[in-house]
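Reviewing the structure listed below.
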Amino acid sequence: MKGSCINIRQAQKSDSTIIAHAVAMAIGDEDAVKSYCGDNYIALLKKISESEHTQYSYKNTLIAETDSSIAGVIIGYNGACLHELRSATYSIIYNELKRTPSIPDETEAGEFYIDTIAVLPEHRKKGIGKQLIQAMCKKAFSEGHKRVGLIVDHNNPHAEKLYTSLGFTRVGTKTFLGHKMWHMQYINE
């Protein structure tokens, strides 16, 4: 990324559209996104990210910018707050779709959880994902958390290699949205 400068900043409410796209991108499978948020999923995810008390809130989000354009997004929060954040998320989904999805817990008390990381296709392979993860870990540790956790699909060895290079290690497995996932943590000692 010669000549480009990466700036990582706290997201603002006005970033809700890019946050919505990042969440959809991180889920990956359009059918899964639709089953979670309906056919108009970007509009619903935008509404969720505009709320201050949801999993995908702009308040839980860092944005990477390069050359004045958004390049990536990372979302993280205290794992102990998952049920509270998910309840607010589900409330918005229910108000729109009159149904609530059922999603297994991917985190728990005792870790700061990186829920979503997405780098826009034109900005991949430039180190932005790595910088986003480092920034979110720094934020978590500065808030007093000792562990940062995430999950990665067993079929995504490239992502696992990145996480391992940053100090994350496997601590278990989880099944999430029908996929076998490695639960990985980075411990601040």
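What whole-number value in cubic angstrom gives the convex hull volume per residue for the C-alpha atoms of the range 1-89? Could you put the intermediate results ahead of the total?
Working: hull volume 8.9 nm³, N = 89.
Cα convex hull per residue, to the nearest whole number: 100 Å³.
The protection proxy used here, the mean number of other Cβ atoms lying within 10 Å of each residue, ranks peptides 85-94, 136-145, 152-161, 18-27 as follows, highest first: 18-27, 85-94, 136-145, 152-161. Computed from phi, the 3J(HN,Hα) profile of the range 13-21 under the Karplus parametrisation 6.51, -1.76, 1.60 (θ = phi - 60°) reads 4, 5, 8, 4, 5, 5, 5, 4, 5 Hz, with x in place of Gly and Pro. In order along the range 56-65, the Karplus-derived 3J(HN,Hα) couplings, from 6.51 cos²θ - 1.76 cosθ + 1.60 at θ = phi - 60°, round to 9, 4, 4, 5, 9, 10, 10, 10, 9, 10 Hz, and Gly and Pro are given as x.
Equivalent-ellipsoid semi-axes (√(5λ), Cα gyration tensor) for the chain, whole Å, largest first? Mind dumping the intermediate values first?
Details: eigenvalues 110, 82, 53 Å².
Ellipsoid half-lengths, sorted descending, are 24, 20, 16 Å.
With the alpha-carbon atoms of the range 70-154 aligned to their principal axes, the span from lowest to highest coordinate is 41, 33, 26 Å, starting with the largest.
Dividing the helix sum by the residues of the chain, where each DSSP H run of 4 or more adds -39500 (n - 2.57), gives a mean residue ellipticity at 222 nm of -11500 deg cm²/dmol. Here the range 43-89 is treated as an ellipsoid with the same Cα gyration tensor; its semi-axes, largest first and in whole Å, are 22, 13, 6. For the range 123-174, the equivalent ellipsoid built from the Cα gyration tensor has semi-axes of 19, 17, 8 Å, listed from largest to smallest. Net charge within 11 Å of Thr107 by Cβ-Cβ distance, Lys/Arg positive one each and Asp/Glu negative one each, not counting Thr107 itself? With Lys, Arg at +1 and Asp, Glu at -1, the net is -2. A convex hull fitted to the Cα coordinates of the range 14-65 yields 71 cubic angstrom per residue. Between Asn155 and Ala43, what is the label-point separation in nm under the 7 Å Cα-to-beta-carbon projection? Distance between the two pseudo-spin positions: 3.2 nm.
Coordinate-derived values only; no laboratory data. Note that this is a predicted model, so its numbers are computed, not measured. Heads up, the Cβs are rebuilt from the backbone with ideal geometry, glycines too, and the neighbour counts pull from every protein chain shown.
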